[in-house]
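Derivation of every value follows stated rules applied to the coordinates shown; laboratory data play no part. None of the values given here were measured: they were computed from a predicted structure. Don't worry about glycine lacking a Cβ; one is built from the backbone with ideal geometry, like all the others, and counts go over all protein chains shown.
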Protein chains: 2
Amino acid sequence: MPERLVVVGGDAAGMSAASQARRMRGPDDLEIIAFERGSYTSYSACGIPYYIGGTVDDFDRLIARSPERFREKQHIDVRIRHEVLSIDVDACKVHVRDLDNEREFDEGFDQLLVATGARPIRPPLENSDAEGIFGVQTLGDGEAIRALIERDRPRRAVVVGGGYIGIEMAEAFVLRNMSVSLIEKAPAPMSTLDPDMGELVAAAMQGEGIVLHCDEAVEGFEAKDGRVSAVVTDKRTIETDLVVLGLGARPNSELAKEAGIAIGTSNAITVDRRMRTGVEGIWAAGDCAEKFHRVSRKPVAIALGTHANKEGRTAGINIAGGYETFPGVIGTAVTKVCSLEVARTGLKEQEAREAGFEYVTATVDSTTRAGYFPGAAPIKTKMIAEKRSGKLLGAQIIGREGAAKRVDVIAAALWNEMTVDDMLQMDLSYAPPFAPVWDPVLITARKTWQKVEEDLA
Amino acid sequence: MPERLVVVGGDAAGMSAASQARRMRGPDDLEIIAFERGSYTSYSACGIPYYIGGTVDDFDRLIARSPERFREKQHIDVRIRHEVLSIDVDACKVHVRDLDNEREFDEGFDQLLVATGARPIRPPLENSDAEGIFGVQTLGDGEAIRALIERDRPRRAVVVGGGYIGIEMAEAFVLRNMSVSLIEKAPAPMSTLDPDMGELVAAAMQGEGIVLHCDEAVEGFEAKDGRVSAVVTDKRTIETDLVVLGLGARPNSELAKEAGIAIGTSNAITVDRRMRTGVEGIWAAGDCAEKFHRVSRKPVAIALGTHANKEGRTAGINIAGGYETFPGVIGTAVTKVCSLEVARTGLKEQEAREAGFEYVTATVDSTTRAGYFPGAAPIKTKMIAEKRSGKLLGAQIIGREGAAKRVDVIAAALWNEMTVDDMLQMDLSYAPPFAPVWDPVLITARKTWQKVEEDLA
């Protein structure tokens, strides 16, 4: 009889693991069953704002692989609309509810992967269950918001929260020619950036016609006939036809916790570098699993598809009997709001302080191409480096077309624990259509190193 | 009396060094004289094809800093149209010819920087001095070619040599609506790429209407009334109104050699990591100076502005009494021909073999953005990794908009001697407008690592 792997959650982490395990072991050797509460597998949650905004029209293309294809091509028994209600770690079985047929059953496992993802934070506010208030998490959310826009042609939207989802949704509504207000508790949107960089994002958003209310907290919603009609903050009431909540996400770790699996300080499931939980034969990967931050050396919870894919692959290799480790993350992220590109990696100033670092910073304005080349776009790069050692701790980029992806070369340098002094000599590519002769990354490293030296003097 | 630094050559390396030394030491402490044979200082030679093609119209913007500005802002005594004819290393003086006033004189130095650059290779062929045959090296060349195009409206151009300058000039002539033929001795253009990648460049160039003659050698030129009328190869005669030679460049090391300064196997001036030549007090930087290739561990001569700037800065710091080392190069380069972007870093297959490596390769087709996102452009990435260790040795990228600059993240990994196994877990940025969830760099590293494992098995 083949060994049986049960996967809880059919999105990026779960299905990456299942696919990887299948590649290494055939169906006669390893049976794989994946339970997914929703109706879709392996979809691009990050693509939802672009579907809502109309940049992407083909809904099916957001789905990397359907349950049918998993079943036919990879002999992975994916069961959508099946919710795992509990895990019995001693008896090695899960208790499952078939949502469509309202029946419950047990399924035994030899190995179990918990890939339950994360869920949007929804504070308990008055009327928060009114019609027209949405989270942006599942493909179903995306379908519902787009359907509402196309059916009711709402004129006004309020976005609560200025993180990645918040600013991407603000862009989506701008593209739909709606009046958009964004409410952010912090002094500036994009609190994953330092305030000086976040303020530039704020200015650019205002330039796109988005009304920003920062330093402002949502207290509740007004509804008419069960449908949202206004957002109430601590400073004002904003009438609206539609509300999107972008208040961040929380790891879906309750199922594991109730089963006695250890949860970390970040509220995500504790895993070792092979993605093993504290219980033999039980693994976790993706948004529900805790990540090691290589710069702060702290456990963190970050919900991001790219980590979920890598962790899933790592778990899959190990589950199949191979050996792979997940080396951790450094907090790299990128987004855009209208034509403004925004990226970051490593620690922002506050995170560096909290991790015990003393540091210097430098910010440099440059261009994405040689200054004289058509299409040269502005790029502002900020780096944070440890005092004395000059070790890079983090960086942030704001700019126009061609700016943000440069964060990857900084991420590669940070991954390798380079100093900004070493970075400035790196052999990066140069030609006028692609960069100034000193790439913005190199100029910023050079200036940051000057700050390190001045601080030493 | 202040110490005196004499700089031979007023372009990227020379003037970077002069500027850096000036930043560290005032004019009362260090006198700086720079002799430049031509009429311009610190210009973008890499910008010349774009000026000729009309992409860049403002000639003055190709000049980063004029002699007047060096004199006024930095107290650097730049003397253009002054050619240094010889160096007397024992007497510590240079013999100089003032080209406009036809007078010669000696100038003493305490320290000397040789930054004489490189010059295009011009084989001794029949009629190679005919009017209408150009190299592309100095701003003067760029002015002359553009003036000829605007005056005579030539219909046909032949480019000899399919390297960076060659394909950039072919693009320039396409933009001028001219019929362009390109002659290349090798089986494909871009011999800095592997043949399999070079052939794709060839196909793209042909798609732009450029007539390619590969595996073909130029034997001479035909001229009428002293003006070029045809290019004669070993296979045919091609009538033309204009010829551009892009046959590579050779270090201008004769001046140093005649002075008894050691020259390396690459024909460039031997320097240590502080840019010192074998003679006390004499330094070299830029295209005339030999570089250490960090992957092959061989001395190489590469003419590239980005190295010239870094080496100049390094020399300047050391000349001024500071301490800085130049860590070498890894052969990173980027260019484009019409809408095709091309980049490389590290060793190509042949170079890897010559350096004694055994290796595996993998090539991956992907997209620059999520596949479903508008503007997702094709990107083909090839990586070469050492057998067994999986250490990255080199990479090549061919693609459309947004493809080529990704070479920098690979360059940063190569700089840090990463294995492709380590690379595939790197925390690179992801959002649908910027990358697939597995960035092309990561997918290619993953596939290359599979090849390493298969080879081990």
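Computed from the C-beta positions of B:Asp100 and B:Arg388 and an R0 of 45 Å, the FRET efficiency is 0.15 to the nearest 0.05.
Our summary gives region A:122-247 a relative contact order of 35 percent, counting only alpha carbon pairs under 8 angstrom and 6 or more residues apart. Computed from backbone phi with θ = phi - 60° and the Karplus coefficients 6.51, -1.76 and 1.60, the 3J(HN,Hα) list for region A:204-213 is 5, 5, 4, x, 8, x, 7, 8, 9, 10 Hz; x is used for glycine and proline. Taking amide H atoms as placed 1.01 Å from N in the peptide plane, the amide H of B:Ile269 lies under 5 Å from those of B:Gly264, B:Ala289, B:Glu290, each 5 or more residues away in sequence or on another chain. For region B:95-157, the extents of the C-alpha atoms along the principal axes are 53, 26, 20 Å, listed from largest to smallest. Sorted on the mean count of surrounding Cβ atoms within 10 Å across their residues, most packed first, peptides A:319-330, A:388-399, A:344-355, B:179-190 read A:388-399, B:179-190, A:344-355, A:319-330.
Here each label is just a point 7 Å from Cα along the line to Cβ, and for B:Leu125 and A:Lys224 those points are 8.0 nm apart. Across the identical copies, the label point of A:Arg69 (7 Å from Cα in the Cβ direction) is separated from its matches by 5.3 nm, in order from shortest. Panel values: region A:325-375, Kirkwood radius from alpha carbon pairs, Stokes-Einstein at 37 °C and 0.692 mPa s, translational diffusion coefficient 230 µm²/s. Computed on region A:329-457, with alpha-carbon pairs under 8 angstrom and 6+ residues apart, the relative contact order is 29 percent. Which residues does the label zone of A:Glu258 cover in region A:1-21, counting backbone N under 16 Å from a point 7 Å along Cα→Cβ? Within reach of a label on A:Glu258: A:8-9.
If you wrap the protein assembly as shown in the convex hull of its Cα atoms and look at it from every side, the mean projected area works out to 41.6 nm². Taking one quarter of the surface of the convex hull spanned by the alpha-carbon atoms of region A:193-277 gives a direction-averaged projected area of 9.6 nm². Give me the tail of P(r) for region A:268-355 as a percent: Cα-Cα pairs with distance above 16 Å. That fraction is 56 percent.
Taken along its three principal axes, the alpha carbon spread of region B:122-247 comes to 42, 28, 24 Å, from the longest extent down to the shortest. Legend: residue pairs A:Lys310/B:Lys387; A:Lys391/B:Lys451; A:Lys348/B:Lys405; A:Lys185/A:Lys380; A:Lys405/B:Lys185, Cα-Cα distance threshold 32 Å; pairs beyond threshold, A:Lys391/B:Lys451; A:Lys405/B:Lys185.
Once the Cβ-Cβ distance between B:Asp152 and A:Ser339 is put in as r, and R0 is 41 Å, what FRET efficiency do you end up with, to the nearest 0.05? E between B:Asp152 and A:Ser339, to the nearest 0.05, is 0.50. In the distance distribution for region B:341-456, Cα-Cα pairs more than 22 Å apart total 26 percent. Which distance in Å, rounded to a whole number, links the C-alpha centroids of region B:187-256 and region B:291-344? Between the Cα centres of region B:187-256 and region B:291-344 lies a distance of 26 Å. A:Thr237 label point (Cα plus 7 Å toward Cβ) to equivalent points in the other copies: 9.1 nm, shortest first. Can you give the FRET efficiency to the nearest 0.05 for B:Gln450 and B:Asp60, using r as the Cβ-Cβ distance and R₀ = 60 Å? Efficiency, from the Cβ-Cβ distance: 0.70.
Show that you can apply the helix-only estimate: for the protein assembly as shown, add -39,500 (n - 2.57) for every DSSP H stretch of four or more residues, divide by all residues, and state [θ] at 222 nm to the nearest 500. Mean residue ellipticity at 222 nm (helix-derived): -8000 deg cm²/dmol. For region A:251-293, GluC sites (Glu not before Pro) meeting the loop criterion (DSSP other than H, G, I, E, B) and having at most 15 other Cβ atoms within 10 Å: A:Glu280. For chain A, count the residues as N, evaluate 2.2 N^0.38 Å, and divide the Cα radius of gyration by that value, please. Working it through for chain A, the quotient is 1.03.
In loop segments of region A:95-174 as defined by DSSP, the GluC sites (Glu not before Pro) with at most 15 further C-beta atoms inside 10 Å of their C-beta are A:Glu102.
Length gained on full extension, B:Arg274 to B:Ser179: 29.5 nm, using 0.36 nm per residue less the C-alpha separation.
Annotation for region A:62-86 versus region B:1-80: alpha-carbon center distance of 64 Å.
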